[in-house]
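Since the structure comes first, as structure tokens, the remarks are kept for the end.
The values are calculated or read from the model by the stated rules, or taken from the named source; none is laboratory data. Keep in mind that this is a model prediction, so the values were computed, not measured. Quick reminder, even Gly has a Cβ in these numbers, built from the backbone with ideal geometry, and neighbours come from all protein chains shown.
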Amino acid sequence: MNSSVKQSLLMHQAIQEFEEWIIRRGLSSETLRRYCMDVNQFSQWVAAVFNGPVLIDEITTKHLEGFVEYLSTERNCQPRSVNRKLNVLSVFFQCMVKKKHLVENPLDDFERMKVLDKERIFLSKEEVERIIQAVDHPVIHYFIMTMAYTGIRVNECIHLTLKDVDFESNCVRVMNGKGGKNRVVPMNPQLKEQLQLYLSEHRPKTESLFFFALKKTGSVSSQYINKTLKLACKKTGIEKNVTSHILRHSFASYLVQKDTHVAVIQRLLGHASLKTTSIYLHVRQEDMQDAINQIDF
């Protein structure tokens, strides 16, 4: 063993160190939950393969290939989901390298699964309006409206506090968003007026500090939001598979149609790179036809 490397850890010991390490990085509670879930899933699988405790330096590329096969065939995971889990494991192994429990990250040159590009679902302006109007529950009605007007993620909207919605500065402050980052999203006049109406007439009396709070729980769940969206689509005859993320997607797509600069959309969405934002840049069939019609050789 390389003298610069500490004694190898058992998988469960490594996971404990990893959990402490990611907590210190200041990631959101949802990110922490997903990281731990993915690493524990791999740990359980590899322990079954070894039929006993596993040292992390015993894990090879062959085991990782077997895990990918297990996820794809037995768990029916889509390539995008498999790659996400591999990326989390890569962070785990990189942590072990930094802590000198491993010499190298076995996932550094590991090839990810090919993901087929497919047209992403988004809603037109009229469809967004119909969905908002179809939601009768007062708290959820304004919650969905806020997502549609700001493009923030569902968990970011869930964790907005009363202080985060600033009517004086006309902005919504997203604190500890994805990747532990903060950002400020401007609030347009229509949303400001509606959210002031929500606070004065529709928010239930509760001691909860969350801006969107149900009387019984003091908060809102993403599952309830998605369930409400599906019911609203059924009620309005919209046959698309609409989730909370589709509202964010539609927000970005609408700004693209309004010729908003992609760098502005990137900042509003809180993306680390323009590459991530580019998936929202839909090219509509009519736009292509307009472009072709301009050719006059």
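Lys192 - would you say it is over 19 Å from Val165 (Cβ atoms), of a type in the set (Lys, Arg) and either at pLDDT 90 or above or under 22 Å from the mean Cα position of the chain (by Cα) (or both)? Outline the logic, then answer.
Details: over 19 Å from Val165 (Cβ atoms): no; of a type in the set (Lys, Arg): yes; either at pLDDT 90 or above or under 22 Å from the mean Cα position of the chain (by Cα) (or both): yes.
Taking the combined requirement at face value, the residue does not satisfy it.
Which residues, taken from region 26-82, are in contact with a helix residue (DSSP H, G or I) (Cβ under 8 Å, 6 or more places away or on another chain) and charged (D, E, K, R)?
Glu30, Arg34, Asp38, Glu58
Quick check: anything in region 170-178 in the same structural domain as Ser278 (by TED's automatic domain parsing), among the hydrophobic types (A, V, I, L, M, F, W, C), out of contact with any helix residue (DSSP H, G or I) (no Cβ under 8 Å at 6 or more places or on another chain) and surrounded by 13 or more Cβ atoms within 10 Å (Cβ to Cβ)? So that I can check it myself, show each step before the final result.
The first filter runs over region 170-178 and keeps only residues in the same structural domain as Ser278 (by TED's automatic domain parsing), leaving 170-178.
The next check asks that each one be among the hydrophobic types (A, V, I, L, M, F, W, C); those that pass are 171-172, 174-175.
Going one step further and asking which of them are out of contact with any helix residue (DSSP H, G or I) (no Cβ under 8 Å at 6 or more places or on another chain), we end up with 171, 175.
From what's left, surrounded by 13 or more Cβ atoms within 10 Å (Cβ to Cβ): 171, 175.
The answer is yes, given that some residue of region 170-178 is in the same structural domain as Ser278 (by TED's automatic domain parsing), among the hydrophobic types (A, V, I, L, M, F, W, C), out of contact with any helix residue (DSSP H, G or I) (no Cβ under 8 Å at 6 or more places or on another chain) and surrounded by 13 or more Cβ atoms within 10 Å (Cβ to Cβ).
I'd like to know if region 113-123 contains one or more residues that are within 30 Å of Tyr224 (Cα to Cα), touching a helix residue (DSSP H, G or I) at 6+ places or on another chain (Cβ under 7 Å) and assigned to a helix (DSSP H, G or I).
No, there is no match, as no residue in region 113-123 is within 30 Å of Tyr224 (Cα to Cα), touching a helix residue (DSSP H, G or I) at 6+ places or on another chain (Cβ under 7 Å) and assigned to a helix (DSSP H, G or I).
Take the residues in region 203-231 that are assigned to a helix (DSSP H, G or I) and among the basic types (Lys, Arg), then tell me which one is surrounded by the fewest Cβ atoms within 10 Å (Cβ to Cβ).
Lys227
Filter the helices (runs of 4 or more DSSP H) completely within region 129-202 down to those with at least 1 residues that are more than 23 Å from Thr243 (Cα to Cα).
Working: elements: 138-150, 154-158, 189-197.
Helices (runs of 4 or more DSSP H) meeting the threshold: 189-197.
Looking at (1) β-branched (Val, Ile, Thr); (2) outside any helix (DSSP H, G or I); (3) surrounded by 20 or more Cβ atoms within 10 Å (Cβ to Cβ); (4) not assigned by TED's automatic domain parsing to the domain that holds Thr276, which is the only condition Val103 fails?
Condition not satisfied by Val103: (3).
Residues that are modelled with pLDDT under 75, at least 1 per element: which helices (runs of 4 or more DSSP H) completely within region 246-297 meet that? It would help to see each step written out before you state the result.
Values: elements: 262-269, 274-277, 285-293.
Result: 274-277, 285-293.
Taking the stated definitions as given, is Lys234 assigned to a helix (DSSP H, G or I), under 16 Å from His141 (Cβ atoms) and out of contact with any Phe, Trp or Tyr (no Cβ under 7 Å at 6 or more places or on another chain)?
On the way: assigned to a helix (DSSP H, G or I): yes; under 16 Å from His141 (Cβ atoms): no; out of contact with any Phe, Trp or Tyr (no Cβ under 7 Å at 6 or more places or on another chain): yes.
Criteria not met by Lys234.
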